[in-house]
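Here's the structure we're looking at; comments come further down.
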């Protein structure tokens with residue numbers, strides 16, 4: 001059963017009434033020895049005094065407590081309706097009620113400031129979203145327009161390469177052109193993926209195979225460079241639910257970034273394992289490292305410290321991993337290298353159902 005609701009004024013007055021009644025009872029006992037007319041007069045005066053004390057107490061409670069409580073109740077109702085431009089008038093009092101009023105006014109002031117910040121951030125985010133949407137449409141159109149003639153150029157270069165004599169020094173130049181075409185294609189792919197992302201096609205498969213394929217392609221990119229790419233597989237790793245094409249794209253991006261971070265000879269180490277109930281792929285390099293002030297920015301779209309970079313690779317990689325309900329961790333020491341760890345849950349759909 002619900003507890004009976006008792007008005008707080010009654011609760012405040014009950015102790016006073018009780019004390020006065022006990023006092024009257026004791027006073028009556030004390031005046032037993034008096035004569036009847038005198039005793040009646042004294043008791044009447046005592047009763048009148050008790051009534052006056054109760055009246056004064058009620059007035060004091062109403063003025064000192066009840067008024068501020070009613071005012072605060074009205075102001076709280078206004079706040080619940082969204083009106084934060086309210087303040088209580090009893091904040092100037094030099095007592096506990098005044099402290100309550102000052103705290104209330106301070107709270108409403110903070111709420112007003114917080115709402116202004118949220119509104120400003122919302123306008124900024126909406127403006128940025130519209131800007132990115134426009135850039136996305138522009139990037140999609142440009143990517144399609146560039147890919148068509150690029151495919152023709154690639155075909156012509158392939159024909160020229162076949163017709164050149166085996167001893168021709170131009171063969172090396174043709175090879176470099178092919179690499180540059182592949183680089184342009186990769187940039188266009190990143191632009192299209194950023195502008196028109198599609199959800200991952202999740203399937204349980206061997207993560208070792210996905211990683212090995214990315215390592216093989218990265219090794220093709222460094223055949224002419226003094227860079228070694230090592231792969232440590234985990235044969236006993238359970239199958240991981242993932243989109244092999246998208247995770248391959250993530251790992252290839254990390255590998256190519258690691259290669260570009262090294263000037264001259266170096267080693268890129270790829271290690272597959274298990275950590276925190278997730279499959280782990282660690283990509284480590286011996287490159288120049290990332291300064292601490294840049295670490296918090298590297299996953300932002302279009303942020304890059306390289307003159308020929310688009311700043312889309314890591315942003316796209318993080319989005320893909322997060323869509324797999326995983327995460328990317330990064331640590332780096334300037335002059336020693338960087339470590340990127342991709343963590344993917346073994347069962348992404350189970351992770352999603354637990355989160356919901």
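The values are calculated or read from the model by the stated rules, or taken from the named source; none is laboratory data. Since the model is a prediction, treat every value here as computed from it, not as a measurement. Methodologically, a virtual Cβ is constructed for each residue, glycine included, from the backbone with ideal geometry; neighbour enumeration extends over all protein chains shown.
Name the single residue, out of those in region 85-95 being part of a loop (DSSP other than H, G, I, E, B) and touching a helix residue (DSSP H, G or I) at 6+ places or on another chain (Cβ under 9 Å), that is surrounded by the most Cβ atoms within 10 Å (Cβ to Cβ). Checking each candidate, the answer is 88. On the given criteria, is residue 98 assigned to a helix (DSSP H, G or I), surrounded by 10 or more Cβ atoms within 10 Å (Cβ to Cβ), modelled with pLDDT of 80 or more and in contact with a helix residue (DSSP H, G or I) (Cβ under 8 Å, 6 or more places away or on another chain)? So residue 98 fits the description; yes. If you go through region 213-231 and keep only what is out of contact with any helix residue (DSSP H, G or I) (no Cβ under 8 Å at 6 or more places or on another chain) and in a strand (DSSP E or B), you end up with 228, 230.
Among the conditions (1) farther than 28 Å from residue 265 by Cα; (2) at pLDDT 80 or above; (3) surrounded by fewer than 20 Cβ atoms within 10 Å (Cβ to Cβ), the only one that residue 331 does not satisfy is (1).
Quick check, is residue 261 modelled with pLDDT under 90 and either over 32 Å from the mean Cα position of the chain (by Cα) or on the phi > 0 side of the Ramachandran plot (or both)? When the stated conditions are applied, residue 261 does not pass them. Of all residue pairs spaced 6 or more apart or on separate chains, those with beta-carbon atoms under 7 Å, a first member in region 212-230 that is farther than 16 Å from residue 186 by Cα and a second member that is assigned to a loop (DSSP other than H, G, I, E, B) and at pLDDT below 90 are 226/264; 226/265; 227/262; 227/265; 229/222.
For region 196-231, filtering for residues that are out of contact with any strand residue (DSSP E or B) (no Cβ under 6 Å at 6 or more places or on another chain), crowded, with 16+ Cβ neighbours inside 10 Å and more than 15 Å from residue 271 (Cα to Cα) leaves 3. How about region 193-207: which of its residues are modelled with pLDDT under 70 and more than 12 Å from residue 246 (Cβ to Cβ)? If the condition is that a residue be modelled with pLDDT under 70 and more than 12 Å from residue 246 (Cβ to Cβ), then 194, 195, 196 are the ones that fit.
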